[in-house]
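Novice: I have a structure I would like to understand better, so I am pasting it below and will then ask my questions one at a time.
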Amino acid sequence: MSEAKEGAKVGFASVGLEELKEFPLISKSNPSAASSGTTVATAIRDAIVKVGENISLRRASTIVEDAPLLPSPSTRSVLNLGSYLHGGLSEHPCGRVASLVLLNLRSSQTSQVLQQETFRQNLAHLSRALARQIVGFDTLSIKNSPDNEVPEQALYNQEFVMLGGDLASSPVEQALHDWSLKEKLIENSGGEGIEVVDFLKWKVGEGDA
């Protein structure tokens, strides 16, 4: 989770694989630790030797944020990332279909609610439910798009069945608004609440080898 600049356009952008392979590998357990000198490419080769299976890096993305356009000192924006892996064959974090969903929380109460353990748990549940929704449905866009064949290909038009509970029968867009009210993110009508700003859905076999 990280703070977003007010009014900035934010979303996923592809990363060049050849450049990424030469980057130093960052420790998952201790990201701030000094690099061991191992690159992404070296780590992949070591893994191939260890498991005896071919491994290739096919796609990579990063979150890109433009410069702020409309600063608002009274409303804090925070980005949150949700993920889901479907069709895994073991206890390891892998699967045949994966999704990432990028959320933006905008509220004058952001600092206060993020200190609450219950809110953080509810946010994690919501983020994962959105990522599952994207995998479970033929989701092509966030809102209506002329490229969609049916309205339900837009995430916001789908019944939010993956969330469960009282909001499961509501369209995703309405459910996010109601969730924001329930979690006290909305204090006025100035665009506060939580919204989906971008998502990715990847399947095994897609992308360039």
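The values are calculated or read from the model by the stated rules, or taken from the named source; none is laboratory data. Keep in mind that this is a model prediction, so the values were computed, not measured. Glycine gets a Cβ as well: all are built from the backbone with ideal geometry, and neighbour counts include every protein chain shown.
Novice: Quick check on the range 142-152. Is at least one of its residues modelled with pLDDT of 95 or more and either part of a helix (DSSP H, G or I) or of a type in the set (S, T, N, Q) (or both)?
Specialist: No.
Novice: Are any residues in the range 110-119 of a type outside the set (A, V, I, L, M, F, W, C) and either loosely packed, with under 14 Cβ neighbours inside 10 Å or not in a helix (DSSP H, G or I) (or both), and if so, which ones?
Specialist: S111, Q112, Q115, Q116, E117, T118, listed by residue number.
Novice: Here are some residues: V51, V15. Which one is surrounded by fewer than 12 Cβ atoms within 10 Å (Cβ to Cβ), at negative phi and of a type in the set (A, V, I, L, M, F, W, C)?
Specialist: The conditions single out V51.
Novice: Residues being modelled with pLDDT of 95 or more and surrounded by fewer than 16 Cβ atoms within 10 Å (Cβ to Cβ): count how many of those fall in the range 162-177.
Specialist: Going through the range 162-177 one residue at a time, the tally reaches 1.
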